[in-house]
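Below is one structure, written out as structure tokens, with a few remarks after it.
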Amino acid sequence: MEKYRILGKTGWKVYGMGFGGIPIQRVSYEEAEKIIAAAIDKGINFIDTARGYTDSESKIGKALKGKRSKVLLATKSMARTYQEMKNEIETSLNNLDTDYIDLYQCHNVGTSKAMEQILGPRGALEALFEAKEAGKIRELGITGHKAELVIKGMETGEFATVQIPYNFIERSPEKQVIPLAHKLNMGIIVMKPLGGGIFSKPELVLRFLLGQDVSVLIPGMDSIKQVEQNTELLENHQFLLPAELDYLQKEAREVGDHFCRRCEYCKPCPQGVDVTNTLLIQGYYERYNLKEWAKARYESLAVKADACIECGVCEERCPYSLPIREMLKKAHKVLLG
Ligand code: SF4
Ligand code: SF4
């Protein structure tokens with residue numbers, strides 16, 4: 001088992017267990033500093049965050065004081081136009097308190113329109129090229145949930161890495177995205193390795209993924225204990241035993257379709273309900289223990305789930321046949337309860 005892997009055409013050597021920056025939103029700056037110091041001590045050298053993760057960038061920036069050169073720093077933005085992306089890059093540099101960002105990614109490219117904007121004239125890609133030219137970013141990456149869009153981005157040849165959700169329930173990247181990434185010599189960054197916390201034995205899923213031909217997993221970590229547990233799985237890696245594989249397969253069957261993959265095929269809702277975001281916020285509430293934050297975020301949505309008139313259009317579009325109407329009712333109850 002290779003502990004360090006090459007991140008595609010970047011040529012960078014990354015420790016197979018990376019650090020996902022979502023959960024540190026809920027710890028203090030001091031705690032975040034300790035957790036990140038522990039991660040670096042344990043060998044982690046890849047940290048991923050995003051403009052959208054509230055104070056995650058700032059916490060990481062502060063924690064990396066005097067340690068910047070020890071890690072490869074990745075962030076990402078939902079900006080689609082040149083000017084938006086230009087501003088976002090400057091904000092990231094400022095938050096992360098650094099002169100350069102190793103990997104800047106186009107975050108969650110979810111529609112053909114977004115992809116066209118990014119790649120088109122005065123699109124986000126132009127700002128990324130400009131920042132690369134100026135030495136503010138070293139490499140570009142793309143992230144997304146929809147295989148066909150991610151593939152379109154990969155095929156442009158402009159991105160050195162691809163970041164996709166991959167875990168024991170979400171196995172679809174094995175079909176096209178992962179083989180294509182290998183063909184194009186792109187780094188493969190695995191987001192949501194724990195599916196947002198749906199697995200009862202997360203260590204089994206991480207062991208499974210560490211045994212796959214991917215570059216780096218980025219589970220979120222918000223305690224030193226998690227850092228120790230996760231890095232230990234790589235240090236003393238064991239492939240899954242048949243009984244463990246059976247356990248995961250059984251659990252995958254049980255979770256089945258009741259799990260939003262954030263692919264956004266269900267959009268748009270005629271009533272303006274943001275299905276994906278509502279279910280995502282519910283996930284933060286229930287799985288990440290970000291209760292107050294999730295409630296505040298839900299409160300701030302202009303259209304909430306109770307605007308749903310149960311027309312069923314979204315359910316017809318959902319490739320996973322989720323009972324969205326029922327799920328929205330539950331989410332609304334939980335988040336406004
Ligand atoms: S069922 Fe509700 S959420 Fe879905 S499209 Fe219709 S109104 Fe929107
Ligand atoms: S509800 Fe279905 S279609 Fe909508 S984002 Fe989730 S998985 Fe995709």
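The values are calculated or read from the model by the stated rules, or taken from the named source; none is laboratory data. None of these values were measured; they are calculated from a predicted model. Glycine gets a Cβ as well: all are built from the backbone with ideal geometry, and neighbour counts include every protein chain shown. The area values use the complete protein model at the heavy-atom level, side chains included, leaving out ligands, DNA and RNA. Shrake-Rupley method; radii C 1.70, N 1.55, O 1.52, S 1.80 Å.
Only residues that are within 19 Å of the chain's Cα centre (by Cα), open to solvent by 10 Å² or more (accessible area, probe 1.4 Å) and over 20 Å from SER215 (Cα atoms) were counted in region 38-69, giving 6. In this structure, LEU204 does not qualify as in contact with a helix residue (DSSP H, G or I) (Cβ under 8 Å, 6 or more places away or on another chain) and more than 30 Å from ASN236 (Cβ to Cβ). In this structure, GLU88 does satisfy being under 21 Å from the mean Cα position of the chain (by Cα) and within 29 Å of ILE178 (Cα to Cα). Helices (runs of 4 or more DSSP H) fully within region 240-334 that include at least 2 residues being among the hydroxyl-bearing types (Ser, Thr, Tyr) and in contact (Cβ under 8 Å) with a residue 24 or more places away in the chain: 275-287.
Selection within region 196-230: residues that are more than 16 Å from ASN289 (Cβ to Cβ) and small (Gly, Ala, Ser). The member of this set that is most open to solvent (accessible area, probe 1.4 Å) is SER200. In the set (1) under 26 Å from the mean Cα position of the chain (by Cα); (2) charged (D, E, K, R); (3) more than 13 Å from CYS269 (Cα to Cα), ARG325 fails one condition alone, (3). Residue check: ASN95 meets all listed conditions (1) touching a helix residue (DSSP H, G or I) at 6+ places or on another chain (Cβ under 9 Å); (2) free of Cβ contacts under 8 Å to residues at least 12 places away in the same chain; (3) of a type outside the set (A, V, I, L, M) but one, namely (2).
If only residues of region 302-322 that are open to solvent by less than 40 Å² (accessible area, probe 1.4 Å) and at pLDDT below 95 are counted, the one that is nearest to LYS267 (Cα to Cα) is CYS318.
I need the full set of residues from region 28-47 which are among the basic types (Lys, Arg) and in a loop (DSSP other than H, G, I, E, B), in order please.
From region 28-47, those among the basic types (Lys, Arg) are 34, 42; that's our starting set.
Across region 28-47, the qualifying residue is only LYS42.
Mind checking which residues of region 294-322 are hydroxyl-bearing (Ser, Thr, Tyr) and more than 16 Å from ligand 2 (Cβ to nearest atom)? Steps first, please.
Let us first name the residues in region 294-322 that are hydroxyl-bearing (Ser, Thr, Tyr), namely 298, 300, 320-321.
The answer is TYR298, SER300.
The conditions of being surrounded by fewer than 23 Cβ atoms within 10 Å (Cβ to Cβ), over 30 Å from ILE35 (Cβ atoms) and modelled with pLDDT of 95 or more are met by GLN176.
Report whether or not GLY8 is open to solvent by less than 20 Å² (accessible area, probe 1.4 Å), under 20 Å from GLY187 (Cβ atoms), touching a Phe, Trp or Tyr at 6+ places or on another chain (Cβ under 8 Å) and in the same structural domain as ILE137 (by TED's automatic domain parsing).
Working: open to solvent by less than 20 Å² (accessible area, probe 1.4 Å): yes; under 20 Å from GLY187 (Cβ atoms): yes; touching a Phe, Trp or Tyr at 6+ places or on another chain (Cβ under 8 Å): no; in the same structural domain as ILE137 (by TED's automatic domain parsing): yes.
So GLY8 does not fit the description; no.
Sort out which residues of region 65-109 are in a strand (DSSP E or B), among the hydrophobic types (A, V, I, L, M, F, W, C) and more than 10 Å from ALA124 (Cβ to Cβ), and write them in order of number. Across region 65-109, the qualifying residues are LEU72, LEU73, ALA74, ILE101, LEU103. Of the candidates TYR247, TYR265, TYR298, TYR284, the single residue that is under 16 Å from ILE22 (Cβ atoms) and away from ligand 1 (no atom under 11 Å from the Cβ) is TYR284.
Out of the residues in region 271-282 meeting the condition of being within 12 Å of ligand 2 (Cβ to nearest atom) and under 22 Å from the mean Cα position of the chain (by Cα), tell me which one is surrounded by the most Cβ atoms within 10 Å (Cβ to Cβ). Reasoning before the result, please.
Let us first name the residues in region 271-282 that are within 12 Å of ligand 2 (Cβ to nearest atom), namely 273-280, 282.
With under 22 Å from the mean Cα position of the chain (by Cα) added as a condition, the list becomes 274-280, 282.
Values: ASP274: 19, VAL275: 27, THR276: 21, ASN277: 14, THR278: 24, LEU279: 22, LEU280: 17, GLN282: 22.
Once the filter is applied, the top-ranked residue is VAL275.
The numbered conditions (1) open to solvent by less than 80 Å² (accessible area, probe 1.4 Å); (2) within 15 Å of ligand 2 (Cβ to nearest atom); (3) closer than 30 Å to ALA114 by Cα are all true for TYR285 except (2). Step by step: first the residues of region 244-270, then only those that are touching a Pro at 6+ places or on another chain (Cβ under 9 Å) and among the charged types (D, E, K, R), then the one that is most open to solvent (accessible area, probe 1.4 Å). Which residue is that? Per the stated criteria, the residue is ASP257.
In the set (1) β-branched (Val, Ile, Thr); (2) assigned by TED's automatic domain parsing to the domain that holds GLY8; (3) in contact with a helix residue (DSSP H, G or I) (Cβ under 9 Å, 6 or more places away or on another chain), VAL216 fails one condition alone, (3).
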